[in-house]
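Asker: My questions will all concern the structure given below.
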Amino acid sequence: MILFFARRSARLCAPLSPSVVATLLVAFATITVEATARAQSADAGVEEPVSPPLVLEHVDPTYPSDAPSDPAHPSDVGLTVIIDAEGVVTDVQVFQSATAPFDDAAIAAVRKWTFTPAHRGDRAIKSKIRVAVHFTPPAPPAVAAPPVPEPAPVPTPPPAAAPAAKPASTATATVEGAADAVVDTAPAESESDTVHVVGRSTPPSRGASDFNLRVGDLSRVPRKNAAELLKLAPGILLTNEGGEGHAQQVFLRGFDAREGQDIEFSVDGVPINESGNLHANGYADTNFIIPELVTALRVVEGPFDPRQGNYAVAGSADYQLGLTKRGLTAKYTIGSFGTQRLLLTWGPAALDTHTFGGAEIYKTDGFGQNRDARRASAIGQYEGRVGERGTYRITAQAYTADYHSAGLLREDDYLAGRKGFYDTYDAAQGGQASRFSIAAAIETRAGKTTFQQQLFLIQRGMRVKENFTGYLLDVQEPTQQLHTQRGDLIDRDLSTTTIGGRGFARTRFTFLDLVQETEIGYYARYDATDAQQTRIQASNGAPYHLDVDLASKLADLGVYMDANLRPVKWVNLRGGVRADLFSFDVLNRCAATDVRKPSPLNPPGDASCLSQQDLGRYREPTQRQSTASMAVMPRAALLVGPFYDLQLSASYGHGVRSVDPTYVYQDVATPFASVDAYDLGAIYSRTLLGAALTARTVFFQTHVDKDLVFSETAGRNTLANGTTRTGWLAAARFTGAWFDESANVTFVRSTFDDTGLLVPYVPDAVVRSDTAVFANLPWSVGGDPLRGALSAGVTFVGRRALPYGERSTTIFTVDSSATVSWRGVEIGLEATNLLDRRYRLGEYNFTSDWQGQSQSSQPTVVPMRHFAAGAPRAVFATFALTWEGA
Amino acid sequence: MNRRSFALTLGVIAALTAACSGTTGSGRVTFNAYAAGPESIAIKGTYAFDNRQGFHVALTRAHLQVGGLFLSRVRPISTVRETACVTPGSYVAQVTNGLLVDLLDPAPQLFPGVGEGVIDHGLTGEVWLTGVRIDEDNDPTVIFDVAGIATKGADAFPFEGALTISQNRIVAPQDAALPGANPLCQQRIVTPIDTDVVPADGGSLTVRIDPAGIFQSVDFSQLVPGTGDAPLYRFLDKNEGQPDLNVMNGLRSRDAVYTFSFEGPH
């Protein structure tokens, strides 16, 4: 994805109509470059710089004589303008009406504009831009006032440079699929008609499994958190039995990535995965991200990009922040289960979308039992300029949450009526989470080389209490006093400080008359982690056993080389190699937990961490283990085309996942999990019926030498044997002036290499659709039209393989919303699980004993079906006010 | 449907079929569970046998409280058993609801509820003799209620007993460093019982209990006579004395008393 920052010096002017003070502002943001070179379209990634269309001639609209002329009520018309490769306006559509007279006047004027066409590299391409036309009624004659010159209309066409020199305005424009573009029409006489593209660039596409997902109008689809934005990528299933403050469990293309162990998560490059997290090494809690501040995601479903590092086994997901709705917005949501949310966002109109502030505070009682939650989150970012072609960003973030969790329920207890569908066994389940971070990034250019540096500092705290097995694991040890089962509640507490940075230098040069690129980069992070795990007695909440107590110092230093080579015009060879050195220094503060021959004179008793060896000889209870290992990861992608709007790709990548500190042994090479991924894909992009269509299909195969499989006794995923997954997906995005549709389907088969049996829990069929339609309604208030929008998110997940030859039930949910807006006011209604289907979000087969059947019945010790209940229908009302400001 | 649509449809069906087929192996099953006395009992309510102490024993009443049945995939490799009475992860079948079994009835007696398990080899059987949860400290339930007459030559020993397994069966730890070495649950669990069955859905698990094995080492002449006109000897409900100790050992005898079998669904 490419960021643009364009400056121009221009004054857009025209003789003023006596009846009009019309100011044309380029307010929008979305330039959809429906390039004839479709292969470089949004989702496919962009390998050449795209320059937006420039206005050559413009005609000012005439203020309609039959329109109201109340100065207190200016009118805005939003237009979608299609510009062909010749720079001619071929189509103008109204997407935001301000009543017919204004609409007609705006259309008539803009149809007369001429442009220099948008370009991709040296090639003129067709483009679509959005233009806002702002009508300000003529001021009434001032009595006894001195004559003043009539203000000039300032039609500031989009990302355009106007030929005339007049007071300019600032506008922003975003090239679809290259979010973050900033086209600045700031005045600089000497640079008139010059567009500088200096924004932040993102890596070129790695093939059909590289998804640059613009959120856009699909933000209207109800989503409880930022993690649900991942559903815009194919093959994603999210579950969560841990509560609202717990990270979502992600299944991706046949992987059970748990809470991020197999997906490298980041937000604008700042890592989210937590190294050394005892609950899950690589745990990625995205709940701190305010969904309204996410403009796009880059999801790479596989380790195909040398920039991807640790945890990129199933792939990676990078959230890109921004605030497109400028001004001050207050949004209040209230609804089912005592849920309330207050969101405040602020983005100065004069600054681009990357300067913003946002804060939310949220509470819910939750559905059923023990699902209450509270959280607060704030994110602020400022983007400034470095020289004329560089930018810097400073981002600060704070988040804290407290929640409870219902955990899992046994199906036999539910069917026997001993438990309700939304009940819980253990009300002590839940946790807390906090995250505070600050990051700074700078990107500059010198000649044909781009430099980027980023530093980040993250403080993370987390406590998770989960009980999967009830009263099963507290077996009597000979050295312990006699006891009954005290309960299996696991209490994990974690504190991590992460500091690190990343950067690259990318150089462009011409060879074979084609632009080539090379890049070298680095990634470095250091994690200092304190983690404890205790078992809690159900009867009184007292900890009775310390399972783990680790202090870890973990470092990861990676370097990579990447190249984007074009031997001929229709072939792109992209790839390189990455090498990471991981070092582990783990202090086990509970290293001695057992003695083979205890001394009667110094009995170990019930202590968890011992200071003795056999026969009572003293030893320190701590022990340090350290080791280091290196991983070398080649990655390559071959892209061919486009031919007739079709681009083909083949990708290969090797990735790794570092291990849990509990698996670290002195001087024993760290047993990485390694993945090899292969993709064959095709992307088809074109304009269809005036809308942008991108469709793709991918065949993929992935092999992991040490997979992770859920262990109920450990309460997390643990290492298992090698697995292979083979599958196919199809995805499409269809975006028009009044609708936005994204749909995807994924089929995958995941098997263990040694037995050929299916990998349990991962979904083999996932279908998802996100739809939004929006248009002006046939009613106006005060001359301004009402605008309506409807959205729906539909999820279908096939019957997942479960242990012991079983299959889960299917998941089918529909979420929907309806909003009506007028000026800066918006009211909305959202419903999740609209059909109120009683479904099981997660299902597991394992052994547990909840002592629930009867007082005399014995512990259950064979696997039983467990499930995490999906949420019933919930309805929320939303009220939002926006003050756009200056 | 044109050729392209047909190919696409075919591809989707192929992908769907490939993705949604296969198994993770094994399977969960439910079955009925039964307990019964020896098949050799001709008339319900009476059972006679000779024991190794030279007594001819005729039982007129024998009820055993079975708290649960369990099958494990782990075959013990030594006589030293784990302290833990329950070893999660090793079981292939369970019957968790108790049944008071009439040992003088050769007909299978159905346990309440169903047994549950997985398709795997059960190599070790466990019979839990308890009226409460296995790890409870106290159990007033009479586990073994027996009556009969033992004769040896001209001597006759009419007897009865009502045995419990509670604090009266606690075995004091021998090592002060191992206070938890002898949990009471160990006294309640009869294991390892050699077997080799594979549970199947809809099948029947049967444990046959031969009371003859319980009394093999009992010297009835050492029973304490009761008071009254007709002498009645009683087993004392404690681990003392040859007959009292040996009848309890007999209850916990592995192979001579309990036999598991599994019959598939008809």
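The values are calculated or read from the model by the stated rules, or taken from the named source; none is laboratory data. In this text the structure is predicted, and so the values were computed from the model without any measurement. Cβ: placed from backbone, ideal geometry, glycine included. Neighbour counts: every protein chain shown.
Asker: Which residue, of A:THR345, A:THR286, is out of contact with any strand residue (DSSP E or B) (no Cβ under 6 Å at 6 or more places or on another chain) and buried (at least 23 other Cβ atoms within 10 Å of the Cβ)?
Answerer: Criteria check complete, one pass: A:THR286.
Asker: For the structure I just gave you, tell me whether A:VAL762 is within 14 Å of another protein chain (Cβ to nearest Cβ), within 25 Å of the chain's Cα centre (by Cα) and assigned to a loop (DSSP other than H, G, I, E, B).
Answerer: So A:VAL762 passes the test.
Asker: Can you tell me which of (1) outside any strand (DSSP E or B); (2) in contact (Cβ under 8 Å) with a residue 40 or more places away in the chain is the one A:VAL475 doesn't meet?
Answerer: (2)
Asker: For segment A:637-659, give me the residue count where each residue is surrounded by fewer than 24 Cβ atoms within 10 Å (Cβ to Cβ) and under 25 Å from A:ASP530 (Cβ atoms).
Answerer: Total meeting the criteria: 1.
Asker: Among the residues of segment B:142-168, what is the count of those that are within 19 Å of A:THR484 (Cβ to Cβ) and either under 16 Å from the mean Cα position of the chain (by Cα) or away from chain A (no Cβ under 12 Å) (or both)?
Answerer: 4
Asker: From A:PRO348, A:PRO306, grab the single residue that is closer than 30 Å to A:TYR652 by Cβ and not hydroxyl-bearing (Ser, Thr, Tyr).
Answerer: From the options A:PRO348, A:PRO306, the qualifying one is A:PRO306.
Asker: Restricting attention to segment A:609-662, and to residues there that are under 30 Å from A:LYS597 (Cα atoms) and basic (Lys, Arg), which single residue is farthest from the chain's Cα centre (by Cα)?
Answerer: Ranking the qualifying residues of segment A:609-662, first place goes to A:ARG617.
Asker: Working carefully through the options A:THR324, A:THR353, A:THR333, find the one that is of a type in the set (S, T, N, Q), buried (at least 16 other Cβ atoms within 10 Å of the Cβ) and out of contact with any Leu (no Cβ under 8 Å at 6 or more places or on another chain).
Answerer: Result of the check over A:THR324, A:THR353, A:THR333: A:THR324.
Asker: Pick from A:GLY417, A:GLY390, A:GLY384: which is of a type outside the set (Phe, Trp, Tyr), touching a strand residue (DSSP E or B) at 6+ places or on another chain (Cβ under 8 Å) and either at positive phi or free of Cβ contacts under 8 Å to residues at least 40 places away in the same chain (or both)?
Answerer: Matching residue, one of A:GLY417, A:GLY390, A:GLY384: A:GLY384.
Asker: Exactly one condition in (1) more than 14 Å from chain B (Cβ to nearest Cβ); (2) crowded, with 17+ Cβ neighbours inside 10 Å is false for A:ARG837; which is it?
Answerer: Failed condition: (2).
Asker: Please state which of the following conditions B:GLY89 fails to meet, knowing it meets all the rest: (1) in a loop (DSSP other than H, G, I, E, B); (2) within 8 Å of chain A (Cβ to nearest Cβ); (3) of a type outside the set (Asp, Glu); (4) touching a residue at least 40 places away in the same chain (Cβ under 8 Å).
Answerer: Result: B:GLY89 passes all but (4).
Asker: Which condition number does B:ALA62 fail, the rest of (1) part of a strand (DSSP E or B); (2) within 14 Å of another protein chain (Cβ to nearest Cβ); (3) under 25 Å from B:ILE165 (Cβ atoms); (4) among the aliphatic types (A, V, I, L, M) being met?
Answerer: Every listed condition holds for B:ALA62 apart from (2).
Asker: Sort through A:GLY470, A:GLY487 and tell me the only one that's within 14 Å of chain B (Cβ to nearest Cβ), closer than 30 Å to B:GLY180 by Cβ, touching a Lys or Arg at 6+ places or on another chain (Cβ under 8 Å) and of a type outside the set (D, E, K, R).
Answerer: Checking each option against the conditions leaves just A:GLY487.
Asker: Let me ask something else. Of the residues that sit in segment B:108-136 and are among the polar types (S, T, N, Q) and more than 10 Å from chain A (Cβ to nearest Cβ), which one is farthest from the chain's Cα centre (by Cα)?
Answerer: B:GLN109
Asker: Can you confirm whether segment B:169-180 contains a residue that is more than 11 Å from chain A (Cβ to nearest Cβ), among the β-branched types (Val, Ile, Thr) and either closer than 29 Å to A:SER599 by Cα or in contact (Cβ under 8 Å) with a residue 40 or more places away in the chain (or both)?
Answerer: The answer is yes; a qualifying residue exists.
Asker: May I pose another question? Name the single residue that is farthest from A:GLU517 (Cα to Cα) among those in segment A:562-583 being among the hydrophobic types (A, V, I, L, M, F, W, C) and part of a loop (DSSP other than H, G, I, E, B).
Answerer: Only one residue fits best here, namely A:TRP570.
Asker: Looking at the structure I just gave you, is A:SER848 in contact with a helix residue (DSSP H, G or I) (Cβ under 6 Å, 6 or more places away or on another chain) and crowded, with 19+ Cβ neighbours inside 10 Å?
Answerer: So A:SER848 does not fit the description; no.
Asker: Taking A:GLY727 and the conditions (1) modelled with pLDDT under 90; (2) within 13 Å of chain B (Cβ to nearest Cβ); (3) not in a loop (DSSP other than H, G, I, E, B), which numbered condition does it fall short on, given that it satisfies the others?
Answerer: Failed condition: (1).
Asker: Additional query: With the condition kept exactly as written, say whether any residue in segment A:837-859 is assigned to a strand (DSSP E or B) and of a type in the set (Asp, Glu).
Answerer: Within segment A:837-859, one or more residues are assigned to a strand (DSSP E or B) and of a type in the set (Asp, Glu).
Asker: Can you tell me which residues in segment A:679-710 are surrounded by fewer than 22 Cβ atoms within 10 Å (Cβ to Cβ) and not in a strand (DSSP E or B)?
Answerer: Answer for segment A:679-710, where residues must be surrounded by fewer than 22 Cβ atoms within 10 Å (Cβ to Cβ) and not in a strand (DSSP E or B): A:LEU689, A:GLY690, A:ASP705, A:LYS706.
Asker: Here's a follow-up. What about A:VAL586, is it under 28 Å from the mean Cα position of the chain (by Cα), in a strand (DSSP E or B), more than 14 Å from every other protein chain (Cβ to nearest Cβ) and within 27 Å of A:ASN277 (Cα to Cα)?
Answerer: Taking the combined requirement at face value, the residue does not satisfy it.
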